[in-house]
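Below is one structure, written out as C-alpha cells; the observations come after it.
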Protein chains: 2
Amino acid sequence: MPRRAAVFRARRSRRNSDLFVTNKLILGIDIGGTKSAAVIGTAEGVVLARAAAKTDANDWRRGVATLIELARDVCRDYGCQMSEITAVGVSCGGPLNFETGTIHAPPNLPGWEAVPLKALLEAEFGLLVQVENDANATAIAEHRWGAGAGCRNMAFLTMGTGIGAGLILNNQLYRGRNGLAGEIGHMRLVLGGPLCLCGKRGCLEALASGTAIGRMGRERFGDVSVTAHEVCDRARLGDPIATDILAQAAYFMGLGLAGLLQTLNLERIVLGTLAVHAADLLLEPIRRSAQENCWPSVWAGVSIVPAALGDAAQDKAALAVALPLIKT
Amino acid sequence: MPRRAAVFRARRSRRNSDLFVTNKLILGIDIGGTKSAAVIGTAEGVVLARAAAKTDANDWRRGVATLIELARDVCRDYGCQMSEITAVGVSCGGPLNFETGTIHAPPNLPGWEAVPLKALLEAEFGLLVQVENDANATAIAEHRWGAGAGCRNMAFLTMGTGIGAGLILNNQLYRGRNGLAGEIGHMRLVLGGPLCLCGKRGCLEALASGTAIGRMGRERFGDVSVTAHEVCDRARLGDPIATDILAQAAYFMGLGLAGLLQTLNLERIVLGTLAVHAADLLLEPIRRSAQENCWPSVWAGVSIVPAALGDAAQDKAALAVALPLIKT
C-alpha cells in the first residue's frame, strides 16, 4: 500500500471515529548515523506518518536543518499543523546530556559536538522536546509496546556495533547520576581479554558484540572482509569455526547478563540487533550461559527474549521519548 | 554512664521539651547470628533505649520468644507502652521474603526455616511490622543518617563473611523482582577462579570477602588458624605475603565496583565490615582499582567511602526499616 494512502486512512479514522480522539499527537525524531526520520504518532505507539532522509554526520548545522525539514514534511503529509503536536521525542546515539538535551559527538555522528538540540528544536517548533539516547529510548518503547510489556524490572540491550543497556526499574527508565547507567558493555569479564575500543581489555563489548563477532571472524578465517552477519551465515551452513565463534560470543553475553541479573534481579531481558537477526543461533546459548552463571533463585522466572518492535523500533523509540512530557 | 541514666534523660527531654515532640517512636529489632537487640528510637535515627540477648539460631520458636521479651524489656526500660510505638522495623540476614516478612533459614540462623516473623510480631504487638534483609536495612540507614546522606544513587556493600549490596536508586531502596537485587557477591569475575560457597568459581565473594582473605591467608601462610583480621594485622606489620593478599582482594573488590558503576552510574559506594576495620589498608587500593576498571566519565564524581554509623549501624538499620510505615 503506498504511504500516502495509509496516511489518509489514519487521518480519517482520527477525525471520523473515536479511535484516536483521546490520543495526543507526538512528533518523533530518530537520528541515525546514516539515515534520520521524523514520524507523527500517538501516545499508544501508533505511527501515522513518516519521512526520512540521509543524516549529515559531519555537519551538525546541516543535519539539524534536515531534521526540521523532515518534521515539517511529515506534518504536511499527515495534514496537521505543528501546533497540533503535543510534544517531541528525539532518539539519538550517546553520549548526550539528557537534562540539557545536548549531543556530544556520538561515534556515528562525529561532527555533532556540543549540539544544543533540545533548545534548537524547542525554539524552532515552539514545543516541548525531550532527547534520549537510543538504548534508553528503545528500552522505553519495548517496555511500553514491545517485548517488555507488563514487566516492572527489565533491561533492553543492543548487541550490534556496541553493547549498551536501557534499564527500566520499577516501571521507570533509570538513568543514574549523569545518564550513563546501562553502559554494561564495558564491564570487564576477562582481565587479559581482547582489546576493546574503550582502551581496556576483556570488556563484554569486546567479547560479544557484533563488532567482536566480526573481528573473531576476520582473525579466524584470515579474511579481512568477514562481517558478523557473514559469520552467522556460515554458522547456518554448519561451518565449525563460525559455530565456535558464536558459541563463545553467546557464552560471554550470557555471563554478562548473569551479572546484570545478580545485581538487579530483573524479570526480563530484551535483546536487540544481532540477537533478533540471528535469534536462531544466539538466543538459546545466551540463555544457557546466563542460567549457568547466576543463582537458581535469581534465574527462576527470568525470560530472555528478542526485541519485538522490529523495523518500527526506531520510530517507536523516538515517540516513546516524548511520553514523560504528555499528561495522559 | 550507666544505661538507665541515659534512658531517663532521653525520656525527660521527650516529655519536657519540644526536642522529640514531633518524633514518632519506632521499635527496631536486629537479629544477628549470635546476638539480637531491640531498640526504641526515633524517625531521625536516634536510639533512645536498647536491650540485647543471645540469639537462638537453631530453635526459631525460642528465638522469636526472646525477641518479644527484648521488645517488652526495652519499652519498660524506656518507660513507654507498646501502644505508643508507631511501627516496628526488623533487620535480619537473608534470604527472606520482604512482602510476607518470612525468614528462610539464613546461613547464620539455620533453624529459622519459613518463620512468618512479620505475622507473628504484628499479632503479638498489634503494630505494623516491616522485615528487611540486613544489607538493605543498612543501606537505608547509611543513606538516611550515615555516609550516604544526600546521595540520590548509592550502594552499601558488606565486605565480611559475604559480599552483598543494598541499592538506593532515585532515593529509594531497589529490591528487584523478588528481593534478590544486590547479590553482586556472585557476579563471576574470574572464570577459573577459586570456588565460592555458592558452588561456582571466581565469584566476587570468593575473591574479595573477609572469608576469601582468611582463606588466602590460611593457604599462603600454611596455618589453619589465620583469619582475615590476622591478615590485616600482619600487613600492618609489613608482612609482604599479607600485603599481597590484601592487594589482590582490593583489586577484585574494585573490579566488581567498577562493574556496578558502569551498570548503575552511582554517585557513592559505602563499604562496611572489613572496609571499615581495615580502611587504612583497603580503601585506597579499592578506589584505584575501581577507577582503573571503569570509564573516566563514569568515575568522575564518584566517592567510595567507609560506612559511618559504626557500632550503632545495626540498631539504626533496624529503625530505618520501619520508616516506610511512618507517615511523616
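Overall size of the range B:94-242 from C-alpha positions, given as principal axis extents largest first: 56, 39, 30 Å.
Note: the range A:150-308, Cα convex hull, 114 Å³ per residue.
Please report, ordered by residue number, every helix of chain B (full DSSP H runs) that is 24 Å or longer along its axis going by C-alpha atoms and whose mean Kyte-Doolittle hydropathy reaches -0.5. Numbers along the way, then the final one.
Numbers: long enough: B:60-78 (27 Å, -0.27); B:240-264 (35 Å, 1.18).
Correct list, ordered by number: B:60-78, B:240-264.
Using a 1.4 Å probe over protein heavy atoms, the accessible area lost on pairing A with B, summed over both chains, comes to approximately 3400 Å². Need one word for the range A:118-164: rounded, prolate or oblate. Basis is the Cα gyration tensor (sqrt eigenvalues a ≥ b ≥ c); a/c below 1.5 gives rounded, then a/b vs b/c decides. Cα axes put the range A:118-164 in the oblate bin. If R0 is taken as 35 Å, the Cβ-Cβ distance between B:Glu122 and B:His229 corresponds to a FRET efficiency of 0.35. For A:Trp295, no residue 5 or more places off, or on another chain, has a built amide H under 5 Å of its own. Computed from backbone phi with θ = phi - 60° and the Karplus coefficients 6.51, -1.76 and 1.60, the 3J(HN,Hα) list for the range A:173-178 is 4, 9, 9, x, 4, 9 Hz; x is used for glycine and proline.
Amide H contacts of A:Ala43 (H built 1.01 Å from N, in plane; Pro and chain starts excluded): A:Lys24 sit under 5 Å, all sequence-distant by 5 or more or on other chains.
The calculated FRET efficiency for B:Leu197 paired with B:Lys54, based on their beta-carbon distance and R0 = 30 Å, is about 0.75. Converting phi to 3J(HN,Hα) with the Karplus coefficients 6.51, -1.76 and 1.60 and the offset θ = phi - 60°, the range A:44-55 yields 9, x, 8, 8, 9, 7, 8, 9, 9, 7, 5, 7 Hz in sequence order, with x at every glycine or proline. The modelled label-to-label distance for the pair B:Trp299/B:Asn170, using points 7 Å beyond Cα in the direction of Cβ, is 3.0 nm.
Scattering from chain B was approximated by placing one identical point on each alpha carbon and applying the Debye formula without solvent; log10 I(q)/I(0) at 0.10, 0.11, 0.14 1/Å stands at -0.60, -0.72, -1.10. Taking the protein heavy atoms of chain A in the context of the full set of protein chains, the accessible area attributed to carbon and sulfur is 52 percent at 1.4 Å.
Legend: Rg and Dmax of the protein assembly as shown, from Cα coordinates, 27.7, 87 Å. For the peptide B:161-170, the mean number of other protein chain Cβ atoms found within 10 angstrom of a residue's Cβ is 2.
Extending 7 Å from the Cα toward the beta-carbon at both A:Asp311 and A:Arg236 defines two label points whose distance is 1.7 nm. With protein chains left intact and a 1.4 Å probe, residues in the protein assembly as shown average 41 Å² of accessible area per residue. Given in Å, the Rg to one decimal and the Dmax to the nearest whole number for the Cα atoms of the range A:124-203 are 15.1, 52. Computed over Cα pairs, the Kirkwood radius of the range B:52-106 leads via Stokes-Einstein (0.692 mPa s, 37 °C) to a diffusion coefficient of 257 µm² per second.
Partners of A:Lys118 within straight-line reach, counting lysines whose Cα lies under 30 Å from its Cα and excluding those fewer than 8 residues away in the same chain: A:Lys24, A:Lys35, A:Lys54, A:Lys316, A:Lys327. Which of these, A:Gly28, A:Gly89, A:Gly310, has the largest mean-square fluctuation under a Gaussian network model of chain A (Cα springs below 10 Å)? With Cα springs under 10 Å in chain A, the top fluctuation among A:Gly28, A:Gly89, A:Gly310 is at A:Gly310. Highest GNM mean-square fluctuation among B:Val46, B:Val226, B:Val74, for chain B modelled with Cα contacts below 10 Å: B:Val226. Using alpha carbon coordinates only, what is the Rg to Rh ratio of the range B:60-162, with Rh defined as the Kirkwood radius? That ratio is 1.00, to two decimals.
Taking label points 7 Å from Cα along the Cα-to-Cβ direction, A:Ala114 and B:Ile326 give a separation of 4.8 nm. Decide, for the range B:215-316, between rounded, prolate and oblate: order the square roots of the alpha carbon gyration tensor eigenvalues as a ≥ b ≥ c, take rounded if a/c falls under 1.5, and otherwise choose prolate if a/b is larger than b/c, else oblate. Since a/c reaches 1.5 but b/c is at least a/b, the shape of the range B:215-316 is classed as oblate. Close amide H contacts of B:Ala49 (hydrogens built in the peptide plane, cut-off under 5 Å, sequence separation of 5 or more or a different chain): B:Ile40. The GNM of chain B, with springs linking C-alpha atoms under 10 angstrom apart, assigns the highest mean-square fluctuation among B:Gly217, B:Gly111, B:Gly176 to B:Gly176.
The values are calculated or read from the model by the stated rules, or taken from the named source; none is laboratory data. In this text the structure is predicted, and so the values were computed from the model without any measurement. Glycine gets a Cβ as well: all are built from the backbone with ideal geometry, and neighbour counts include every protein chain shown. For the accessible areas, the whole protein counts, side chains as well, though only heavy atoms, and no ligand, DNA or RNA atoms are used. Shrake-Rupley method; radii C 1.70, N 1.55, O 1.52, S 1.80 Å.
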